[in-house]
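**Q** First the structure, then my questions, so here it is.
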Amino acid sequence: MKTKLYLLALIICLGGSLIAQPYSKPPYLYSDISASGNYDFTGKKFYISTVNYNAILPSDYNSQKEAFARYLEESLILRGATPATDSLNADFYVVATVDYWNSSMDVTKAPRNGNGPLATAGDHTYYLSGYDKDMVNNIPVLYGTGKEGTYTPQPMNSAHSDKGEKKYAARQKNEEQINKAIIVEAYELADGTRNKLWITQALDSRGDFKFLASDCAMVYLMMRAYGNDMKMRKCLISDEDSYYALFANSNMPADIHFLPYCQSTNNNLNLFLVKKLDEGLVCLVEDNNLLSIDFKHKNYSASIKIGDQTISSSKVFYDVRPPGGSRFLTLVFPVNGEDFQSFDIVFSKKNKPEKTIEALTDIRLN
């Protein structure tokens, strides 16, 4: 009952939470996301054929694998696909892998089924379920670091101060460097042949169990890249994000449009979701260090174009502090309940609306 009341209050206050103070408190949830593919999910049926799940605590294996499969299915539904109850009716099939590894070890010599403790933390001993040979061998290609068969983790935050980086480096020397990866791959069957359609990967390399992102957070961050080409980028959200909370509780409202069709003037700019509220139209724009309206381009403004009508934004803010990677820029436009199915978002210099800097055009909500 408490959970239901919390979710009800969260939905009612969703608009209010989006227009609160600009920044949420760190630490933030993040993953390095990369992907390849070109796939339209509209009207497609999927079947999750295999989940290779490795839990760091064996006792949590069943519950964590079940929860991960639920988040994975939900993310595919939000992208516009429908789960197939019969695998023979699926348009595409999904294979997912969740794995952990110790970057201080030579993974080419690691046992597949792990027979000893990986690390200890408090009263718990963590075990490595095993390395996936194909996944490990692909890591240098996918992430472009380390030598063949090994992975060299990146710093927790490339924007840290020198002092912060030194503290982080000192801490790394005394701790197990645990990394986590989630790989979601889709394929189709044609005349008995398995054809790859797309692959998306999320990596958390902060090296400490207590800082690693949860399965839920990593899936939420990576689903934007399903069926797309994306060079590796650090994607961040606040754990106070209202939409993430709804996703985590499998209670996302049906009237939210996730990654609607649009044309972008830059690969580092995309539209994550659109929601109509009483106060207007709320848009979450993925800004991969391009606009940084709160940091390096404070003289930028945003407006929406619906036909011949142009409406300036009433609120513009980020949840995550700069700089940091790919953040969500929240825009609110007071559209006063107009009925429309397509529009443009234009970024221009303040007091110079004719000077377009970047834009998201031909946005379709149907």
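**Q** Could you calculate the contour length gain from residue 193 to residue 86, that is, 0.36 nm times the residue separation minus the distance between their Cα atoms, to one decimal place in nm?
**A** Details: separation 107, 0.36 × 107 = 38.52 nm, distance 1.92 nm.
Gain on stretching residue 193 to residue 86: 36.6 nm.
**Q** Between residue 297 and residue 339, what FRET efficiency follows from the Cβ-Cβ distance if R0 is 22 Å, with the result rounded to 0.05? Let's see the in-between values first.
**A** On the way: r = 33 Å, r/R0 = 1.50.
Rounded to the nearest 0.05, the efficiency is 0.10.
**Q** Now a separate question. Give the long-range amide H neighbours of residue 45: residues separated by 5 or more places, or on another chain, with amide H under 5 Å away, using H modelled in the peptide plane at 1.01 Å from N.
**A** Excluding prolines and chain starts, which carry no amide H, the hits are 82, 91, 92.
**Q** Multiply the residue separation of residue 23 and residue 69 by 0.36 nm, subtract the distance between their alpha-carbon atoms, and state the gained length in nm to one decimal.
**A** Values: separation 46, 0.36 × 46 = 16.56 nm, distance 3.14 nm.
13.4 nm is the gain from fully extending residue 23 to residue 69.
**Q** When the accessible area of segment 311-360 is split by element with a 1.4 Å probe, what percent falls to carbon and sulfur?
**A** Here carbon and sulfur together make up 43 percent of the probe-accessible area.
**Q** What list of ³J(HN,Hα) couplings, whole Hz, do you get for segment 290-300 from phi and the Karplus terms 6.51, -1.76, 1.60, once you set θ to phi - 60° and write x for glycine and proline?
**A** For segment 290-300, the Karplus-derived couplings read 9, 7, 6, 4, 8, 10, 10, 10, 5, 8, 8 Hz, x marking Gly and Pro.
**Q** Continuing with this model, one more query. Which of 45/210; 65/210; 44/231 have a Cα-Cα distance over 28 Å? Intermediate results must be reported in sequence, preceding the final value.
**A** Details: 45/210 37 Å; 65/210 19 Å; 44/231 25 Å.
The answer is 45/210.
**Q** Quick one: accessible area per residue over segment 194-271, 1.4 Å probe, rounded to a whole number of Å²? Walk me through the numbers on the way to the answer.
**A** Details: 2850 Å² over 78 residues.
Accessible area per residue, segment 194-271: 37 Å².
**Q** Taking N as the number of residues in segment 319-366, what is its Cα Rg relative to 2.2 N^0.38 Å?
**A** On the way: Rg = 13.6 Å, N = 48, 2.2 N^0.38 = 9.6 Å.
Normalised Rg, Cα atoms only: 1.42.
**Q** Along the Cα→Cβ direction, 7 angstrom out, place labels at residue 254 and residue 350. What is the inter-label distance in nm?
**A** Result: 4.3 nm between the two label points.
**Q** Further question: Taking just the alpha carbons, could you work out the radius of gyration and Dmax for segment 174-307, both in angstroms?
**A** Just the Cα atoms of segment 174-307 yield Rg and Dmax of 17.7, 60 Å.
**Q** Now for a separate question. Quick one: length gained pulling residue 365 to residue 261 fully straight, 0.36 nm per residue minus the C-alpha distance?
**A** On the way: separation 104, 0.36 × 104 = 37.44 nm, distance 0.76 nm.
Gain on extension, residue 365 to residue 261, equals 36.7 nm.
**Q** Additional query: For segment 252-261, what does the Karplus curve 6.51 cos²θ - 1.76 cosθ + 1.60, with θ = phi - 60°, yield as ³J(HN,Hα) per residue in whole Hz, taken in order and with x for Gly and Pro?
**A** Result, rounded to whole Hz: 6, x, 6, 8, 8, 9, 8, 6, x, 4.
**Q** Across every pair of different alpha-carbon atoms, what Kirkwood hydrodynamic radius in Å does segment 182-246 reach?
**A** On the way: mean 1/r = 0.0729 Å⁻¹.
Hydrodynamic radius (Kirkwood, Cα pairs) of segment 182-246 is 13.7 Å.
**Q** Same structure, new question: In whole Å, largest first, what are the principal axis extents of the Cα atoms in segment 280-326?
**A** Extents along the principal axes: 36, 20, 16 Å.
**Q** Shifting gears a bit: Taking every pair of Cα atoms in segment 48-95, average 1/r, invert it to obtain the Kirkwood radius, and report Rg/Rh to two decimals. Let's see the in-between values first.
**A** Numbers: Rg = 12.3 Å, Rh = 11.9 Å.
Expressed as Rg/Rh, it is 1.03.
**Q** Per-residue HN-Hα couplings for segment 223-238, Karplus 6.51 cos²θ - 1.76 cosθ + 1.60 at θ = phi - 60°, whole Hz, x for Gly and Pro?
**A** Going residue by residue, I get 5, 5, 9, 3, x, 10, 8, 8, 5, 4, 9, 7, 9, 10, 9, 7 Hz, with x marking Gly and Pro.
The values are calculated or read from the model by the stated rules, or taken from the named source; none is laboratory data. All values reported here derive from a predicted model rather than from experimental measurement. Virtual Cβ from ideal backbone geometry, glycine too; neighbours counted across all protein chains shown. In case anyone asks, the SASA skips ligands and DNA or RNA and just uses the protein heavy atoms, side chains included. Shrake-Rupley method; radii C 1.70, N 1.55, O 1.52, S 1.80 Å.
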